[in-house]
Amino acid sequence: MEMTKPTRRPRPQVMRITDIAADRVREIIENSKKRIVGVRVGVKNGGCAGMSYTMDFAEEIGKFDEVVEDKGVKIVVDPKAVMFLLGTEMDFRVEKMSSVFVFNNPNQTSACGCGESVAITPVEEDAAS
């Protein structure tokens, strides 16, 4: 009797990025005076709803960072944020008085009135694999 290895489902991509957000990230990288490999995305505790999204330039990729390449840009996800961001779409919205990156996150359960912080329920490990 031959033993077969169990097949693992492919791991879902942590995040996706819209065309307009990819264009804006590319523009930011091209206009930077530093060498930037992508945009670093994460979450941190704080704000009236409990958490907030973070974005910064990624000058390097860390050993445990999750790297998502989508539409020609790299999104570097902080390893501590992966379970909070699974399935998230990063968009860029231009409105009359502002322009801002927006995170459409299926794990987000609420947001504060000012839009600066959110409540996010992390994905269960079984659902992520």
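The values are calculated or read from the model by the stated rules, or taken from the named source; none is laboratory data. Please read all numbers here as calculations on a predicted model, not as lab measurements. Counting neighbours? That spans all protein chains shown, and the Cβs are built from the backbone with ideal geometry, glycine included.
Of all residues in the range 53-86, which are basic (Lys, Arg) and more than 16 Å from ILE36 (Cβ to Cβ)?
Those that are basic (Lys, Arg) and more than 16 Å from ILE36 (Cβ to Cβ): LYS63, LYS71, LYS80.
Do the conditions hold for THR54, that is, is it of a type in the set (S, T, N, Q), touching a helix residue (DSSP H, G or I) at 6+ places or on another chain (Cβ under 9 Å) and surrounded by 11 or more Cβ atoms within 10 Å (Cβ to Cβ)? In short, yes.
Determine if the range 53-62 includes at least one residue that is closer than 30 Å to SER110 by Cβ, among the small types (Gly, Ala, Ser) and without any contact (Cβ under 8 Å) to a residue 24 or more places away in the chain. Within the range 53-62, one or more residues are closer than 30 Å to SER110 by Cβ, among the small types (Gly, Ala, Ser) and without any contact (Cβ under 8 Å) to a residue 24 or more places away in the chain.
Checking LYS96, LYS63, LYS44 one by one, the residue that is modelled with pLDDT under 90, part of a loop (DSSP other than H, G, I, E, B) and among the basic types (Lys, Arg) is LYS96 and no other. For the criterion of being crowded, with 18+ Cβ neighbours inside 10 Å and of a type in the set (Ser, Thr, Tyr), THR109 fails.
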